[in-house]
Ligand SMILES: Nc1ncnc2c1ncn2[C@@H]1O[C@H](COP(=O)(O)OP(=O)(O)O)[C@@H](O)[C@H]1O
Ligand SMILES: [Mg+2]
């Protein structure tokens, strides 16, 4: 994996700024895997990215598995946290989503079922250092 950027975020505002910076890098067809424990800021990052595209109704898809938003760009937002086996993903047409070249796909907890992810993807890891302090690292794979 190629390291693109690592930041220490001291606030929600700084995480949102980083998400804004990623707008030019994540294009239609991009898949972004988000890795990190609960509460590290994966959903917050996606929400901030979506806000920048004029999408203000994004939310955690942990119960729905996938949410879809339509703003300046089409976004698919997955969360694998509650998935027990890959069949559940295949049943909802996971590959149709990630092969949709018109959409940007975010996948929280993608590391739980890495075998279904495309080799060519961005990976962002989130670590909590303190109450409001996060280490966020962006990589490019494949
Ligand atoms: N620097 C920061 N960056 C992002 N979120 C932060 C930061 N500091 C505190 N938080 C808080 O951490 C929580 C992250 O929650 P969430 O994005 O739902 O996490 P996850 O999706 O990883 O489980 C939010 O309540 C957010 O307000
Ligand atoms: Mg989340």
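Mean silhouette area of segment 1-139, derived from the convex hull of its C-alpha atoms and averaged over all directions, reads 7.6 nm². Going by neighbour counts of Cβ atoms within 10 Å, the residues 95, 81 line up, fewest first, as 95, 81.
To the nearest ten degrees, helix 42-52 and the longest principal axis of the Cα atoms of the chain are 90 degrees apart. Put simply, segment 1-55 fits an ellipsoid with semi-axes of 16, 15, 12 Å; these come from the alpha carbon gyration tensor as the roots of five times its eigenvalues, largest first. FRET efficiency for the pair residue 12 and residue 81, taken as 1/(1 + (r/R0)^6) with r the Cβ-Cβ distance and R0 = 25 Å, rounds to 0.75.
Among 42, 73, 120, the ranking by other beta carbons within 10 Å of each residue's beta carbon, starting with the fewest, stands as 120, 73, 42.
Look at 85, 20 and count the other Cβ atoms within 10 Å of each Cβ; fewest to most, that gives 85, 20.
Each reported figure results from applying straightforward, stated rules to the coordinates on display, with no laboratory input. Keep in mind it's a predicted model, so treat the numbers as computed, not measured. All Cβ positions, even for glycine, are placed from backbone atoms using ideal geometry, and neighbour counts span all protein chains on display.
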